[in-house]
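Taking it in order: structure first as structure tokens, then the write-up.
The values are calculated or read from the model by the stated rules, or taken from the named source; none is laboratory data. Keep in mind it's a predicted model, so treat the numbers as computed, not measured. Heads up, the Cβs are rebuilt from the backbone with ideal geometry, glycines too, and the neighbour counts pull from every protein chain shown.
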Ligand code: SF4
């Protein structure tokens, strides 16, 4: 069947994390995660602020031991953003984190007992905070795979995806029996299609918001491409309420990538979209330098604007005309287009400068 328009977003319950709403038709929430040792309070606080500045609305921090939870108490007092705690193995750490003021707890049913999960849920209920049931293919309990094999590599995509869904559903039902419904679910695998299939499957079975991400996606650019490939399928299919990109590297880049993915699917419309041609033998100017200067200078600009930088007269005028501001280059310079009309000629030595001044002017006129 030909694909026409993005599907309507799946209707889910809305879940509150601090002041942030996830699901229930709210905009998709971008999350980040700190990579500093949580016990290093000043470094962690600095990174939380950087992530917030880059556009994260929730920041998750690892809480592997009581020292980290003690640090959380101090971090909580200074950080304004919603904080999520990442807990594995020990329910007592989750309970202590809730008492220290965390806004959400992520538990992994692959490494916590049912008894432990219920204790965490009771504490979370008392404090009015949600739980994320975060299933990872790498920490899936063997019992969920219907044909357990010593060599996990031989398990087909569908088999692992269904096992992940079974694991998440078991915990969802466990919490529902206790009337706990502030639930967010994530199913993540480093395999893009396993993640996609598992999220598609569970989205038909539960009313709770879904947190999306390709876990251990690798370094940039592979990690970015793999994350975008998986998340685009889900988001365009109406699935997904919050996202976190996992890259081996800079956590700020994770948040920027999340915004790029949302922007490329029109989920975010308040940032500048840069369209530029790849150049070819027809291009007679140094377009690469112009584009890289423009790209770096508009990165932080919050304007719903499309800027096109095109190398010649073949597709240049068409693309530049369709953008809000555009240039189509020739031998000596370029034609400048604004709102679909030719607005003047620019000398080739000042292409980036003129474009950037036009962006600034546009912002001033709009404000
Ligand atoms: S716009 Fe012109 S220079 Fe750019 S890729 Fe197309 S044909 Fe080549």
Quiz prompt | Residue check for residue 281: within 16 Å of the ligand (Cβ to nearest atom) and either surrounded by 20 or more Cβ atoms within 10 Å (Cβ to Cβ) or under 33 Å from the mean Cα position of the chain (by Cα) (or both) | solution = no
Practice problem: Give me a count of the residues in the range 329-342 that are more than 12 Å from the ligand (Cβ to nearest atom) and in contact with a strand residue (DSSP E or B) (Cβ under 6 Å, 6 or more places away or on another chain). | Solution: 6
Quiz item: Conditions: (1) surrounded by fewer than 16 Cβ atoms within 10 Å (Cβ to Cβ); (2) in a helix (DSSP H, G or I); (3) modelled with pLDDT of 95 or more. Residue 168 meets all but one. Number of the miss?
Solution: (1)
Practice problem: Inspect all residues belonging to the range 314-328 and state whether any of them is away from the ligand (no atom under 15 Å from the Cβ) and surrounded by fewer than 17 Cβ atoms within 10 Å (Cβ to Cβ). | Solution: no
Self-check item: Single condition residue 295 does not satisfy, out of (1) more than 30 Å from residue 8 (Cβ to Cβ); (2) within 12 Å of the ligand (Cβ to nearest atom); (3) within 32 Å of the chain's Cα centre (by Cα)
Solution: (2)
Quiz item: Restricting the range 299-313 to residues that are surrounded by 20 or more Cβ atoms within 10 Å (Cβ to Cβ) and more than 12 Å from the ligand (Cβ to nearest atom), which is farthest from the chain's Cα centre (by Cα)?
Solution: 307
Quiz item: For the range 234-251, which residues satisfy the criterion of being in a helix (DSSP H, G or I) and crowded, with 17+ Cβ neighbours inside 10 Å?
Solution: 234, 235, 251
Self-check item: Selection count where residues are part of a helix (DSSP H, G or I) and either surrounded by fewer than 19 Cβ atoms within 10 Å (Cβ to Cβ) or in contact (Cβ under 8 Å) with a residue 60 or more places away in the chain (or both), scope the range 202-233
Solution: 6
Quiz item: residue 73: part of a helix (DSSP H, G or I) and surrounded by fewer than 18 Cβ atoms within 10 Å (Cβ to Cβ), yes or no?
Solution: yes
